[in-house]
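See below for the structure under consideration.
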Amino acid sequence: MMIRIMKLLSVVLLMLATACAGQAIGTGLAPSATSQIQPTSPPRPTATPRPANTPTPSPTATLPSTATLAAGPAGQLDFYSNRGGGYDDIYVMNVDGSDVIRLTHGDANSFSGPWSPDGQKIVYTGFGLTHSYIAVMNADGTGNIILTDQSSDDAFPAWSPDGTRIAFTSRRDGNNEIYVMNADGSGLTRLTFSPKDDFAPAWSPDGSQIAFVSDRDNPTGIYNLYLMQADGSGVRRLTKSNDEIDYSPDWSPDGSQIVFRSNHKGPADIYVIDVDGSNLRDLSNDSADDWAPTWSPDGRKIAFQTNRDGNWEIYIMNADGSQPVNLTRNPADDQLPYWRPTVAK
């Protein structure tokens, strides 16, 4: 995010971890393809005004039934894109890049987010007139419900593995901190209490831990990965660089590794590390910027976004970094993929 993916998360980055049109936001999102500037402190997300003379979006496409969607070549990904006009909207596609369907048609940006564990809903970051918020919709784009009150900037939502809670980043207490709420928006609880920024939470597969991004032990804007218990206790630093930026953590399905984005070698690459902090590997090793990795439900593939073709595209590669393939191949910017869970029938 950082300009477009960091328009948000390009809100804490992934504000962060994503991106407002042409403006950097600290939310784990990547910068626009035309900018290689790295963020310092996660900027606040900003609603993007509608450009003058923006064409009216076409009517929403009818989404196939859940059964049809699940029949895709190895599942589905959601992502966000500006291919529909002046705003970023959320789309879904099969993991071979086919059957791209637009889910949102808003008058402001919407950034993609993770699917519920049963694959029936998507939680995402939306933008109001003054603040970003957490919302949820059905997998076909219907039934949108805003979960947070829009009194502050909220971003980076993450479902708990049992689907009962959602962790997210908020600035409601003055800086980026991690909160958790029930899946219906009730029962808000603050998990982190740092004077620096904490954001981009990611639940472990068993729900016992949360990985997140913070600059609490570094100069402002130099982010590392941390782990904590699901109640906010037992914070442990996972990556320990004082001059590199780590973002967008995602757990492997077996809970043994975390994939993330880092600029250890200069350009942002996709890295993986064991949860004990050992065995750091560069998976993508490309001269372009690679962002927002997400593991496939079977652990065999990783989807991510990259600007190696001149704009942001969604790629997929094997979990060892081999055989990267461009899925989107669109002149617009496609960003922040999330894999749909595989649910046994």
Handout entry: Hits in the range 213-222 (condition: over 11 Å from Arg237 (Cβ atoms) and assigned to a strand (DSSP E or B))
Key = Val213
Exercise for the section: Return only the number of the condition from (1) surrounded by fewer than 20 Cβ atoms within 10 Å (Cβ to Cβ); (2) on the phi > 0 side of the Ramachandran plot; (3) aliphatic (A, V, I, L, M) that Leu336 does not satisfy. Expected result: (1)
Problem - Residue check for Gly97: surrounded by fewer than 24 Cβ atoms within 10 Å (Cβ to Cβ), under 27 Å from Thr164 (Cβ atoms) and in contact with a Leu (Cβ under 9 Å, 6 or more places away or on another chain) - result: no
Practice task
Test Val259 against the stated conditions and say whether it is modelled with pLDDT under 95 and either within 20 Å of Phe156 (Cβ to Cβ) or not in a strand (DSSP E or B) (or both).
Solution key: no
Practice task
Please enumerate the residues belonging to the range 139-176 that are among the polar types (S, T, N, Q) and more than 23 Å from Ala202 (Cβ to Cβ).
Solution key: Thr142, Asn144, Gln150, Ser151
Practice task
Take Asp231 and decide whether it is more than 19 Å from Gly277 (Cβ to Cβ), exposed (fewer than 13 other Cβ atoms within 10 Å of the Cβ) and either at pLDDT below 95 or not β-branched (Val, Ile, Thr) (or both).
Solution key: yes
Problem - Asp250 assigned to a strand (DSSP E or B), in contact with a strand residue (DSSP E or B) (Cβ under 9 Å, 6 or more places away or on another chain), under 20 Å from Val123 (Cβ atoms) and of a type in the set (Asp, Glu) - result: yes
Practice task
Scan the range 126-142 and report the pairs whose first residue is modelled with pLDDT under 95 and whose second residue is assigned to a strand (DSSP E or B) and surrounded by fewer than 21 Cβ atoms within 10 Å (Cβ to Cβ), with Cβ atoms within less than 9 Å and a gap of 6+ or a chain change.
Solution key: Gly128/Ile146
Handout entry: Residue, surrounded by the most Cβ atoms within 10 Å (Cβ to Cβ), within the range 289-333, restricted to residues that are assigned to a strand (DSSP E or B) and small (Gly, Ala, Ser)
Key = Ala292
Fill in the blank from the handout: Checked against (1) surrounded by 24 or more Cβ atoms within 10 Å (Cβ to Cβ); (2) part of a loop (DSSP other than H, G, I, E, B); (3) of a type in the set (Asp, Glu), Glu244 satisfies every condition except (1)
Practice task
Return the total of residues in the range 242-264 being over 15 Å from the mean Cα position of the chain (by Cα) and closer than 15 Å to Tyr223 by Cα.
Solution key: 6
Completion exercise
When (1) surrounded by fewer than 18 Cβ atoms within 10 Å (Cβ to Cβ); (2) modelled with pLDDT of 95 or more; (3) under 27 Å from Met228 (Cα atoms) are applied to Thr342, the one that fails is (2)
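The values are calculated or read from the model by the stated rules, or taken from the named source; none is laboratory data. Owing to the predicted nature of the structure, the values given are computational and were not obtained by experimental measurement. Virtual Cβ from ideal backbone geometry, glycine too; neighbours counted across all protein chains shown.
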